[in-house]
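The structure appears below as structure tokens.
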Amino acid sequence: MENILTKATPLADYRLALTFQNGSSAVVNMARRVRTLRFARLAPAEVFATARAEGDRVVWTDGAATFGVYCGELLDAMMME
């Protein structure tokens, strides 16, 4: 697992701030995505707020279950906005 991400910070309105190992940063708007089947597990605000960086993924926790998304997928989604 490569440590591409150093930090994932959940923001208001389902936005996610990503900080990368090289010092770059990006903000991904997930508001529309949490209404899709792929990301529906993140719709509860308390679940979205658990976002954290883990290697090359952003990981959320809903009780005992963990849900992860590779940063490349998030960046691709950001480019489609």
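Quick notes
- Unit Cα scatterers, Debye sum, the chain: log10 I(q)/I(0) for q = 0.17, 0.24, 0.25 Å⁻¹: -0.60, -1.23, -1.33
- Protein-only accessible surface order, largest first, of R15, R41 at 1.4 Å: R41, R15
- Net charge dipole size for the chain [Lys, Arg +1 and Asp, Glu -1 on Cβ; Debye, nearest 20]: 200
- In the chain, a dipole from Cβ-located charges (positive for Lys and Arg, negative for Asp and Glu) runs towards its positive end, and of V69, F48, N22 it is F48 whose Cα lies farthest in that direction.
- Compactness relative to 2.2 N^0.38 Å, alpha carbon Rg of segment 12-55: 1.22
- The residues of the chain present an accessible area of 59 Å² per residue when probed at 1.4 Å with all protein chains retained.
- Interchain or long-range residues, amide H under 5 Å from T50's placed H: T61
- When only Cα pairs below 8 angstrom with a gap of at least 6 residues are kept, the chain shows a relative contact order of 26 percent.
The values are calculated or read from the model by the stated rules, or taken from the named source; none is laboratory data. For clarity, every value in this text was computed on a predicted model and none was experimentally measured. Reconstructed Cβ throughout: ideal geometry from the backbone, glycine too, with neighbour counts over all protein chains shown. Surface areas here come from the heavy atoms of the whole protein model, side chains and all, with no ligands, DNA or RNA. Shrake-Rupley method; radii C 1.70, N 1.55, O 1.52, S 1.80 Å.
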